[in-house]
1. Per the Kirkwood definition applied to all pairs of different Cα atoms, how many angstroms is the hydrodynamic radius of the stretch 1-73?
2. Taking 7 Å along the Cα-to-C-beta vector as the label spot, tell me the Ile235-Asp216 distance in nanometres, rounded to one decimal.
3. For the chain, give the magnitude of the charge dipole about the Cα centre (Cβ charges: +1 Lys/Arg, -1 Asp/Glu; no others), in debye to the nearest 20.
4. Using +1 on the beta carbon of Lys and Arg, -1 on that of Asp and Glu, and nothing else charged, what's the dipole of the stretch 1-114 about the Cα centre, debye to 20?
5. Compute the angle between helix 61-76 and the longest alpha-carbon principal axis of the chain, please, reported from 0 to 90 degrees and rounded to the nearest 10.
6. What are the extents of the Cα atoms of the chain along their three principal axes, in Å, largest first?
7. Tell me the angle of helix 114-125 to the major Cα principal axis of the chain, expressed in degrees between 0 and 90 and rounded to the nearest ten.
8. For the Cα atoms of the chain, what angle does the longest principal axis make with the long axis of helix 2-22, in degrees from 0 to 90, nearest 10?
Amino acid sequence: MLGSIVNATTILIGSSFGALVGSGIKEKYKSVLFNALGLACLVLGINAALPNMAKSEYPVLFIASLAIGGIIGTWLDLQGRIDRANEKLKKKTGTTNNPLLGLVTAWLLFAIGTFSIIGPLLSSLSPSQGWDFREPANTYLYTNATLDCVTSAVMAASYGRILLLAAPLLFCWQSIFYCIGYFFGNAIPEPMIVEISIVGGVLILSSGLSILGIKDCKTINMLPSLLIPVIFYVIKGIIV
């Protein structure tokens with residue numbers, strides 16, 4: 001659990017620094033940061049999805065996940081709710097960007113991937129349950145923390161203090177996998193992680209397209225897609 005605490009703390013540090021520095025950055029330079037973030041999301045999304053597609057047991061599962069998850073998200077009007085909340089935030093803060101999109105994008109970048117899923121699992125399965133700084137099981141999360149610190153600083157410079165909320169969100173996400181590992185052992189099948197990574201990679205790519213203004217794919221409406229592989233493998237485990 002120590003690794004997750006360190007990871008969340010580095011995001012708080014990075015976001016605080018980025019928000020502080022970002023308040024003094026001119027708009028033309030913030031525009032450059034937005035472009036850099038958008039391009040980075042495209043590359044990271046592709047990098048998360050493509051390598052895992054080669055490992056997928058069910059190559060069409062990610063398509064079904066995106067379709068079903070998108071329908072559920074549209075029915076719940078997740079994007080509309082976020083857009084309305086964004087408008088209220090813009091009026092209060094006077095900002096012209098999309099702060100909640102920034103928060104969702106940041107969470108996707110921090111949460112999706114081997115480090116953020118396997119890391120807490122290994123930490124929970126270690127003899128000390130990951131409470132030792134020297135525990136090798138925490139290596140994944142320490143590496144993730146380093147990357148997230150830099151990413152959160154850059155994103156907070158563009159989106160502001162709202163990025164601080166990404167820290168508790170990530171901690172809750174990693175805590176889910178920590179608890180699964182602690183109570184059930186290595187209960188999460190690797191194919192499930194592969195499918196989550198593929199879907200997550202597509203969502204990160206979609207966020208990048210939105211940030212660059214190329215295409216608004218309503219990424220927030222597709223967030224339920226991340227649950228479809230989990231439901232699929234749970235049902236499969238019960239039936240088989």
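1. On the way: mean 1/r = 0.0627 Å⁻¹.
Over the stretch 1-73, the inverse of the mean reciprocal pair distance is 16.0 Å.
2. 3.3
3. On the way: 15 positive and 11 negative charges, 169 e Å.
It comes to approximately 820 debye.
4. On the way: 10 positive and 5 negative charges, 98 e Å.
Dipole size: approximately 460 debye.
5. 50
6. Projected onto its principal axes, the Cα set of the chain covers 54, 43, 29 Å.
7. 50
8. With both axes taken from Cα atoms, the answer is about 10 degrees.
Throughout, read-outs are computed from the coordinates displayed, never taken from laboratory work. Quick caveat, the model's predicted, so the values are computed rather than measured. A quick note on method: Cβ atoms are made from the backbone with ideal geometry, for glycine too, and the neighbour counts reach across all protein chains shown.
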